Amino acid sequence: MTSIPVAAPDLTGNEERYVVEALRSSWISSTGPFVGRFERAFAEQCGTRAAIGVANGTLALHLALLTMDLRPGDEVLVPSLTYIATANAVRYCGAEPVFVDVDPATWCMDPERLEASITRRTKGIIPVHLYGHPADMDAIGHIAATHGLWVVEDAAEAHFARYKGRPTGSLARIGVFSFYGNKVLTSGEGGAVTLDDPALERRARLLRGQGVDPDRRYFFPITGYNYRLTNLCCALLCAQLERAPQLLARRRAIYERYRAALAGVPGIGFQPQASWAELSPWLFSVTVDAAEFGRSRDELAARLAELGIETRPFFRPLHRLPPFWEESRRRGEVLPVTDRLGATGLNLPTHTQLTDAEIDRVAAAIVEARR
Ligand SMILES: Cc1ncc(COP(=O)(O)O)c(C=O)c1O
């Protein structure tokens, strides 16, 4: 039986044609027509004035924090249930990530837990739209405004999601995306920041492009970075964006089929969906209650692996990882919802090439694994 990967890119549209076009034009670095074309199209999709291509999502986060002028000694509130890049980017600035528990109703940063973690050093908040579900941005934005903090949204996993009808990427001062190979929209490696404020856009473009003055060649008013995205990557992204409606439709159908097939299986829980949330169908996620299911999450994952079905455990909570645990312990952080989800959550195969028969095979394997 063929094995089923947890994720796979779909490059079956104009991807090859556009990449070949970029190659033949010899525009293979970060200038070339696909860059502007992608940045305009992606900004339009996000409903922001600008989108700026960046070499990957981690650097997009770093660029966003540099743009917000995050400094050594500052603190930023982040969830602990996220990919490590969210917190690493804070550390790149010499600042400290402070971890806030997630809400069981969204699996994203719990607005009610924010205020207790704010100190004199807190400068901003980075909510993460975990596994495609938008965080409660109005509640978070309200607390941020009350305390004079900025918000940067980590939408790396939430392309095309909506919060109260508004697209992700437009819900904070700066939005951050990843286009890594397993994402809904991909260029292999790639990322973007999205924003509305023209002054922030100028600063972000300056920082991304080595800090070179746009009007004076080889004059560098600040220390910048080379975080640019190539024309080749943007060629891929232009092709992907053209097919976004089809890619999303297939992924949504996969979610529905999993839900129907696994509904009512004792011990299997689904990702919650707030009434105001439109999910990005990135990776279908379940939780495994070991007592009810008869096997732990890891035992289920191991059984599925034996059957050639690849899965992904949820992120290990960051406050329990070596780069962060000492500081987290010193602050006395207790994050029970994060710990529970981190120990029980599992991502199932989700990509457009997955057939209905394969979805049924995964679901049947889960049902049969129950004890
Ligand atoms: C929540 C989150 N933030 C940031 C990133 C970093 O993106 P990249 O892998 O493109 O560097 C990821 C990665 O996939 C992510 O899931």
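Numbers at a glance
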read-out	value
Accessible area (Å², per residue) of the chain, counting only protein heavy atoms and a probe of 1.4 Å	42
With every protein chain in place, segment 15-242: carbon and sulfur % of accessible area (1.4 Å)	51
In Å, descending, principal axis extents of the Cα set of the chain	69, 54, 36
Sulfur and carbon atoms: percent of accessible area, segment 244-369 [1.4 Å]	53
Listed peptides 37-46, 189-198 by packing density, highest first (mean Cβ within 10 Å)	189-198, 37-46
Inter-centroid distance (Cα atoms) of segment 221-288 relative to segment 333-354, Å	14
Segment 59-143 - Rg (one decimal) and Dmax (whole number), Cα, Å	12.0, 34
Phi to ³J(HN,Hα) by Karplus 6.51 cos²θ - 1.76 cosθ + 1.60 over segment 259-268, Hz, x for Gly, Pro	4, 5, 6, 9, 4, x, 6, x, x, 9
For the chain, built as a Gaussian network whose Cα springs stay under 10 Å, the top-fluctuating residue of A85, A343, A357	A357
Charge dipole of segment 15-242 about the Cα centre (unit charges at C-beta), most positive-ward option of A60, W107, A22	A22
Heavy atoms of K123 accessible to a 1.4 Å probe, total area in Å² rounded to 10	80
Bins of 10 Å, starting at 0 and running to the largest distance - Cα pair percent for segment 30-102	19, 38, 30, 12, 1
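The values are calculated or read from the model by the stated rules, or taken from the named source; none is laboratory data. Please read these numbers as outputs of a predicted model, since none were measured by experiment. Using ideal geometry, Cβ is built from the backbone for each residue, glycine included, and neighbour counts are taken over all protein chains shown. Keep in mind that these areas ignore ligands, DNA and RNA; they rest on the heavy atoms of the full protein, side chains included. Shrake-Rupley method; radii C 1.70, N 1.55, O 1.52, S 1.80 Å.
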